[in-house]
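Notes to accompany the following structure.
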Amino acid sequence: MADLYEAAGAARRVGELIAGTEHQTQVRWQTMYTIAAQRLTVPQVARRMGVSRQNVQRVVGDLERDGLVRFEANPDHRTSPLLVLTEEGQPILDRLNTAAAQAHQVQLEWLPEAEVEATRQALRQLTATLQRYEALKGTA
């Protein structure tokens, strides 16, 4: 697990470098990415990202203040509006995603494709195992 946490830390640091090119942070970028994929409420974004609702609310508040996201009426829940990217937010997200894709291409040149696929499979198995354990302990 220590190796996994070390790799995750390195990935976050690279993400921060990329996010910084647009004067964003990794968490702001991740939040924008999640919102762009589907119109969600703050609690839904929090569940999708695996973080607290309060943390997402704080980040969304900052993004809204900067004009990058806005709230829209939610036909399914009057008191929990949906989040959408603004016309200012979408191009920033697009540039960040493009920069990430370019970084990934460079990184993949340094790793054999077979190792990337083996790592992907191992991570999926680890995730499933951890989720299984979490479900087991959550019912105790």
Legend entry - Verdict on Arg70 being surrounded by 16 or more Cβ atoms within 10 Å (Cβ to Cβ) and outside any helix (DSSP H, G or I): yes
Legend entry - Residues that are more than 20 Å from Gly61 (Cα to Cα) and open to solvent by less than 50 Å² (accessible area, probe 1.4 Å), drawn from the range 7-42: Ala8, Gly9, Ala10, Gly15, Ile18
Legend entry - Members of the range 21-64 found to be in a helix (DSSP H, G or I), closer than 14 Å to Leu83 by Cα and polar (S, T, N, Q), listed by number: Gln30, Thr31, Thr34, Gln44, Gln57
Legend entry - So Glu64, is it at pLDDT 95 or above, under 28 Å from Gln125 (Cβ atoms) and open to solvent by 40 Å² or more (accessible area, probe 1.4 Å): no
Legend entry - In the range 30-50, the residues that are free of Cβ contacts under 8 Å to residues at least 12 places away in the same chain and not basic (Lys, Arg): Ala37, Gln38, Gln44, Ala46, Gly50
Inset, instruction - Only residues that are open to solvent by less than 70 Å² (accessible area, probe 1.4 Å), more than 15 Å from the chain's Cα centre (by Cα) and not aliphatic (A, V, I, L, M): list them for the range 91-100, please. - result: Pro91
Legend entry - Candidates Val69, Val60, Val56, filtered to the one that is closer than 13 Å to Thr31 by Cβ, in contact with a Phe, Trp or Tyr (Cβ under 9 Å, 6 or more places away or on another chain) and in contact (Cβ under 8 Å) with a residue 12 or more places away in the chain: Val60
Legend entry - Filter result for the condition that a residue is open to solvent by 100 Å² or more (accessible area, probe 1.4 Å) and of a type in the set (A, V, I, L, M, F, W, C), over Leu136, Leu85: Leu136
Inset, instruction - Residues being touching a helix residue (DSSP H, G or I) at 6+ places or on another chain (Cβ under 6 Å) and either within 17 Å of Ala11 (Cβ to Cβ) or without any contact (Cβ under 8 Å) to a residue 40 or more places away in the chain (or both): count how many of those fall in the range 92-102. - result: 3
Inset, instruction - Please state which of the following conditions Leu111 fails to meet, knowing it meets all the rest: (1) in a helix (DSSP H, G or I); (2) aliphatic (A, V, I, L, M); (3) open to solvent by 70 Å² or more (accessible area, probe 1.4 Å). - result: (1)
Legend entry - Members of the range 99-130 found to be over 14 Å from Leu4 (Cα atoms) and aliphatic (A, V, I, L, M), listed by number: Ala99, Ala100, Ala101, Ala103, Val106, Leu108, Leu111, Ala114, Val116, Ala118, Ala128
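The values are calculated or read from the model by the stated rules, or taken from the named source; none is laboratory data. Every value quoted in this text rests on a predicted model; they were computed, and no experiment measured them. Positions of Cβ are generated from backbone atoms using ideal geometry, with glycine treated the same way; all protein chains shown enter the neighbour counts. Accessible surface is based on the protein model in full, side chains and every heavy atom, while ligands, DNA and RNA are left aside. Shrake-Rupley method; radii C 1.70, N 1.55, O 1.52, S 1.80 Å.
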